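Structure record follows, encoded as structure tokens.
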Amino acid sequence: MATVENLGLSLTESKELLRKTQQVMVEKQVREFLNQCEKCRHCQKKRLSKGKHRIVYRTLFGKMDLDSPRLFYCNCEWKKESAKTKTFSPLATALQERTSPELLYLEAKFGAQISFGLSDKLLAEILPLHEEFNAATIRNHLHRIGERLESELGEDKGMYIEGCPRDWANLPRPDLPLTVGIDCGYVHSNNPKSRTEGWFEVIVGKSIKADGTAKCFGFVCGLDRKPRRRLFQVLQSQGMQMNQQITFLSDGGDTVRELQYYLNPQSEHLLDWFHINDALDRDTADGSRSGECGVKRIDIADDRECEMVSLARQRRSGIRENRRLLVFFRYGNADNKRT
Ligand SMILES: [Zn+2]
């Protein structure tokens, strides 16, 4: 008897329904594909069969066991295309990657954000993936995707600025400024073998567009061979143009500073509030001041940063509230918000 307590499909029922629908659809599509391959493309003569074998194709909605026939090339094909073998398996050739792109996408998406084991459990919980799914599969697929993406990344180079001021002036009006925050940190092993082993330096960052959409990036210093290219690609994927303003916020350290230079002609480089504050705290704790800015342990690279530190000190001591500084610290880009 129908009751309102169990309206609609249950999770188990929906998984079973999806699995069966997928099975029917895939079998029909494969049948149509193989029908097209039955005849020679040149003379339309039916190709002879040399038997068949089974292949497994993993999809978002279940594992598919498919018949993959092996066919003889037609004589005319053999001559025209100088095929290296006399037979071929059209389905196995068409499905060289035995996992569907959408399943790979979800594996990569979850695997990149949570552990492989949890990704496995989560996906199997909501999709009809059953026992054929495991953490090692996700890890292997994710590594393969990572390697492919890595191979698609262009070469690293010293200069990414292209064109000249005249070219930049002819570009379409750019989006509002991008703000990029970069910081580095050290990851230490629980049981380091020595002071020099068992740790590595990681650089992470976030690029935020004026509408609030953001992209994150990260890499291990020393291991990554294309760090600047990686950051440049992130900025490009957010629609960066050579005539667009970009504000880089960082701790002023050499590693992150070198990363930001020569990516865009309109970029400005600022110390971020956290590190200014931190430096001022240490400055006060030391009880001594040095240099024009009074901050000893941050490498002050230019007059603009010096001005920022100076303004920060004024704000902290309550001497003068600086609106530009406040807006900058709160929203990330004073020039944009001020206009
Ligand atoms: Zn033929």
Original post:
Classify the range 100-152: rounded, prolate or oblate, from the alpha-carbon gyration tensor (a ≥ b ≥ c, eigenvalue square roots; a/c under 1.5 rounded; otherwise prolate if a/b is larger than b/c)?
Top reply: prolate
Subject >> Overall form of the range 1-146 per C-alpha gyration tensor (a/c, 1.5; a/b vs b/c) >> reply: oblate
Original post:
Which entries in LYS15/LYS84; LYS20/LYS52; LYS50/LYS109 show an alpha-carbon gap greater than 32 Å?
Top reply: LYS15/LYS84; LYS50/LYS109
Original post:
Pulled fully out, how much extra length does the chain show between LYS46 and ASP67, if you take 0.36 nm times their separation in residues and subtract their Cα-Cα distance?
Top reply: 5.7 nm
Original post:
Can you sort SER100, SER151, SER237 so the residue with the fewest Cβ neighbours within 10 Å comes first?
Top reply: SER151, SER237, SER100
**OP:** Would you calculate the separation in nanometres between label points at ARG31 and THR93, each defined as 7 Å from the Cα along the Cα-to-beta-carbon direction?
**Re:** 2.4
Subject >> Relative contact order %, the range 60-189, counting alpha carbon pairs below 8 Å whose residues are six or more apart >> reply: 22
Subject >> FRET E, pair ILE126, CYS164, Förster distance 56 Å, beta-carbon r, rounded to 0.05 >> reply: 0.60
**OP:** May I ask you to derive the FRET efficiency for VAL187 and GLU150 from their Cβ-Cβ distance with R0 = 25 Å, giving the value to the nearest 0.05?
**Re:** 0.75
Original post:
Summing Lys, Arg as +1 and Asp, Glu as -1, what charge do residues with Cβ under 14 Å from the Cβ of ARG31 carry, ARG31 excluded?
Top reply: -2
Subject >> Dipole moment magnitude, nearest 20 debye, the range 6-146 about Cα centre, only Lys, Arg, Asp, Glu C-beta charged >> reply: 1020
Original post:
Based on the mean of other beta carbon atoms within 10 Å per residue, what is the order of 137-149, 20-32, most packed first?
Top reply: 137-149, 20-32
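Values in this text are rule-based calculations from the coordinates and carry no lab data. Model, not experiment: these values are computed from the prediction. Virtual Cβ from ideal backbone geometry, glycine too; neighbours counted across all protein chains shown.
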